[in-house]
Every structure is written in structure tokens, then in C-alpha cells.
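Working notes for the structure below.
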Amino acid sequence: MGSKILDREEALRLLKKYNSNESLIKHAYAVEAVMRHFARILGEDEEKWGIIGLTHDLDYEMYPDEHCKKVRSLLEEENWPDDYIKAIESHGWKICSDVEPTERMEKVLYTIDELTGLITATALMRPSKSILDTELKSVKKKFKQKGFAAGVNREIIEEGAQMLGMDLDYIIGETIKGMQAEAQTIGLKGEL
């Protein structure tokens, strides 16, 4: 594959070509924001991490039964680099993909994808319906309530934290910050 230079405009165009569901698009924005946030913290390529976050569920809406599998052919057609494709494939490890996250970028995506869902659900339960006043302790409390946001796989979040060698509280706190930076875009500014 050629080493094509990717930009966010193109990634967004592709995302919207394959996804029209508003909540899926907001989820993509949330994961992008958090990936960019972690790239800044870790001194990594913010643009690359952001693009991977933005397009991580590219094949989900149109090809739900082939999620994390169909994405390879879709992105190869667009001449995307293999490391981007592998990162996207690996976020579904043990759920819908047998591609294991091995790079730090892949491990972050694997960990925070489900976590953004839990944080979103927590924020929406607040009187303000806002991420801006969502705190670590609230998310931790909801994390322990298995019936809350039951679709969120907490084991993956915990396993991802272990793979990264990072404290779960730290990851949750930084994920909240990453989402707060884009509160308006991800639809979680709420009443604040």
C-alpha cells in the first residue's frame, strides 16, 4: 500500500459516506476527541490518532455483521496505510475481531471506545445532561453498577487499562477531559 497522507476532511467524508446515524457520528467524534487527547499526553501524532478514532466504527452501520472485518477492504480501496487499518480492526478484539491490539495507539483505542459510551450515559443521567460537570467519582459509581449502560463491556475497559499499564481512574479521568474539550460537537454540552 502507498503511504498516502490522510487528513481529517477525508476521514470525515468517509465516515459520513458509510454512517448516517447521528448517535454513531457523535460517538465517532467522542472517540476522536479522546484519541487526540491521549496522543497529546503521550507525545504521539495527534492527527493520526484522531483520524483513527474518528473512523474506528466506519463499517458498523452498513455492515454490522462484518464489523472490524469489512473495514479492511473499504480502507484498502481508499489506499489507507496498513497501520491505520490494523488499529481500527484491533479495537474489536475478542468481540468481533481476532486482531490483537499491540501498539500503544491500538491499546488506547481498545480501552476508551467502550469507556466513552459509559461516560456518555453517565453524563446524560446528570440534571445538566452535560459532560462538563461529569466527574470521575460519578463514572466510577456507574462503572460498578452492571445494570447501568449494560451494553458497555467493562472487562474490555479493565483489560485495556492493564495492557496500557495505566491506572483505570487515570484513564477514566483523562477520557472525561478529552470528551469535555469537544462537549458541543459530541452533543454533551447539555444545559451548561
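Things to note:
- Per-pair calculated FRET efficiency, R0 = 22 Å: Leu124 and Arg40 via Cβ, rounded to 0.05: 0.25
- Candidate membrane-span-like segments in the chain, meaning DSSP H helices with Cα atoms spread over at least 20 Å of their own axis and a Kyte-Doolittle mean of -1.0 or above, are 22-42, 104-125, with no membrane implied.
- Relative compactness, the chain, computed as alpha-carbon Rg over 2.2 N^0.38 Å: 0.96
- Cβ-derived FRET efficiency at R0 41 Å, Asp7 paired with Asp169, nearest 0.05: 0.75
- Relative contact order [Cα under 8 Å, 6+ residues apart], the chain, whole percent: 24 percent
- Cβ-defined net charge surrounding Pro64, 13 Å radius [Lys, Arg +1; Asp, Glu -1]: -3
- Cβ charges +1 (Lys, Arg) and -1 (Asp, Glu), total dipole of segment 8-180, debye: 980 debye
- Farthest toward positive dipole pole in the chain [+1 Lys/Arg, -1 Asp/Glu at C-beta], among Ala121, Tyr60, Pro81: Ala121
- Relative contact order, whole percent, for segment 97-192 stands at 41, derived from Cα pairs under 8 Å and 6 or more residues apart.
- Inter-part distance where segment 76-139 and segment 1-70 are each reduced to a Cα centre, Å: 10 Å
- Computed from label points 7 Å out along Cα-Cβ, the spacing between Lys16 and Glu155 is 3.9 nm.
Each value in this text was obtained by applying a stated rule to the coordinates, not by laboratory testing. Just so you know, these numbers come straight off a predicted model, no measurement behind them. So basically every Cβ, Gly included, is an ideal-geometry build from the backbone, and we count neighbours across all protein chains shown.
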